[in-house]
1. Going by what's in this entry, would Ala34 be described as touching a residue at least 24 places away in the same chain (Cβ under 8 Å), surrounded by fewer than 19 Cβ atoms within 10 Å (Cβ to Cβ) and touching a Pro at 6+ places or on another chain (Cβ under 9 Å)?
2. Does Ala25 fit the bill of being modelled with pLDDT of 95 or more and touching a Leu at 6+ places or on another chain (Cβ under 6 Å)?
3. Go through region 8-48 and give me each residue that's within 20 Å of Glu85 (Cβ to Cβ) and not in a helix (DSSP H, G or I).
4. Look through Ala21, Ala13 and report the one residue that is in contact (Cβ under 8 Å) with a residue 24 or more places away in the chain, open to solvent by 40 Å² or more (accessible area, probe 1.4 Å) and of a type in the set (Gly, Ala, Ser).
Amino acid sequence: MARGRMLNTSISASKKMDELASDTARLLATWTIAHLDLNGVFYADPAMVRSMVFPRRADSLEAIEGYLQDMARVGLIVLFESGGEMWQYWPGFEH
C-alpha cells in the first residue's frame, strides 16, 4: 500500500463524487485513495475499511457497506470477490 498520495484538483469537479448520497461517502472515497495499491485495489470488507480508513469513526459496518455500495452505484469503484475476500477496484486509477 502507498504511504500517501496527492489528490488531483479535478476531484472537486468530479460528477461521480457529486452524485454520492452523503458527505461521509465522499470522505470515505477521498480517504480511501491513500490506501489503494498500484493497481487501484483495496479491501471492500466493511470491517477492514473501517479499521484502516476510518479508525476513529464509530460508523457501523452496515453504514460502511452502504457507503461502498453508493461508491459502486456511481461508478467510482467496482466491487469484486477474490480469494475469499471482498475488494474494491478504482477504474482509471492507473492514469
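1. Against the criterion (touching a residue at least 24 places away in the same chain (Cβ under 8 Å), surrounded by fewer than 19 Cβ atoms within 10 Å (Cβ to Cβ) and touching a Pro at 6+ places or on another chain (Cβ under 9 Å)), Ala34 does not qualify.
2. Considered against the rule, which asks whether it is modelled with pLDDT of 95 or more and touching a Leu at 6+ places or on another chain (Cβ under 6 Å), Ala25 comes out as no.
3. Leu36, Asp37, Leu38, Asn39, Gly40, Val41, Phe42, Tyr43, Ala44, Asp45
4. Criteria check complete, one pass: Ala21.
Okay, residues lined up against (1) open to solvent by less than 50 Å² (accessible area, probe 1.4 Å); (2) in a loop (DSSP other than H, G, I, E, B); (3) among the hydroxyl-bearing types (Ser, Thr, Tyr); (4) closer than 18 Å to Met17 by Cα:
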| position | (1), (2), (3), (4) |
| --- | --- |
| Arg56 | no, yes, no, no |
| Glu62 | no, no, no, no |
| Leu76 | yes, yes, no, yes |
| Glu81 | no, no, no, no |
| Trp87 | no, no, no, no |
| Gly92 | yes, yes, no, yes |
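The values are calculated or read from the model by the stated rules, or taken from the named source; none is laboratory data. The shown structure was predicted, so the numbers you read here are calculated from the model rather than taken from an experiment. Because the Cβ atoms are built from the backbone with ideal geometry, glycine has one as well, and the counts that use them run over all protein chains shown. Please note that ligands, DNA and RNA were not included when accessible areas were found on the heavy atoms of the full protein model with its side chains. Shrake-Rupley method; radii C 1.70, N 1.55, O 1.52, S 1.80 Å.
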